[in-house]
Amino acid sequence: MMIYSLPFIAAFIGWFTNWVAIKMLFHPREPLNILGYKLQGIFPKRQQQFAEKLGSLVAKELISFDDISAKLHDPKIVQRAMPFIEEKIDGFIKVKLQEEMPLLSMFIKDDTLNSIKKGMVTEIESLFPTLIEKMTDGMKQDLNVEKMVVDKVSNFSSDKLEEILNAIMSKEFRFVEIIGAVLGFMVGCIQILIANFA
């Protein structure tokens, strides 16, 4: 009977070794000195390099400043903002101006106020592209996507990093464990065949 239990023993060993290998991606968190050899989980050990690679990938392939700038320069952005700006100008002319300068508002007719509002809206609308250009020029100096990602990821705790990667790859990790068991079982079956025909 012992020989026929080989596939199950091998399946368990295959599953267990793959489970240990997955755990060793994250554990031990801190380096352990075992017989002069430093043992540490791959991700804790390589977290800084992982952060730098991810930062570079995000900055070059996923989110570049040029993409952000192009979106901000889209005329639709200005068009979406204009109703809000018109509302604020209208409120300023009809409420604030009358509160601050009641005498002036007595002599200015509604047609004149509407003309002032229209002129202000047109002027602001024409200034928007220049304003966005100035803003993006300043942001380019301050907004470093790669550095932001590197700083965030390298400052993650090991627990947080494990939690994130498990959330993304839990199915893949489970698949690796199952494959280990299946391969182990197959190896055990081959051993039985070899033993029977030897």
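The values are calculated or read from the model by the stated rules, or taken from the named source; none is laboratory data. Given the structure is predicted, the values throughout are model-derived calculations rather than measurements. Neighbour counts are summed over all protein chains in view; Cβ atoms, including those assigned to glycine, are modelled from backbone coordinates with ideal geometry.
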Exercise for review: Among the residues of segment 127-153, write down those that are crowded, with 16+ Cβ neighbours inside 10 Å and within 30 Å of residue 26 (Cβ to Cβ).
Suggested key: 145, 146, 149, 150, 153
Review point. Counting residues that are touching a residue at least 60 places away in the same chain (Cβ under 8 Å), which helices (runs of 4 or more DSSP H) fully inside segment 95-198 reach at least 2?
Key: 110-142, 145-154, 158-197
Check your understanding: Is there a residue in segment 23-32 that is farther than 16 Å from residue 164 by Cα, at pLDDT 85 or above, assigned to a helix (DSSP H, G or I) and not hydroxyl-bearing (Ser, Thr, Tyr)?
Key -> no
Point to revise | Positions within segment 155-194 being farther than 30 Å from residue 45 by Cβ and surrounded by fewer than 11 Cβ atoms within 10 Å (Cβ to Cβ), in sequence order | key: 193, 194
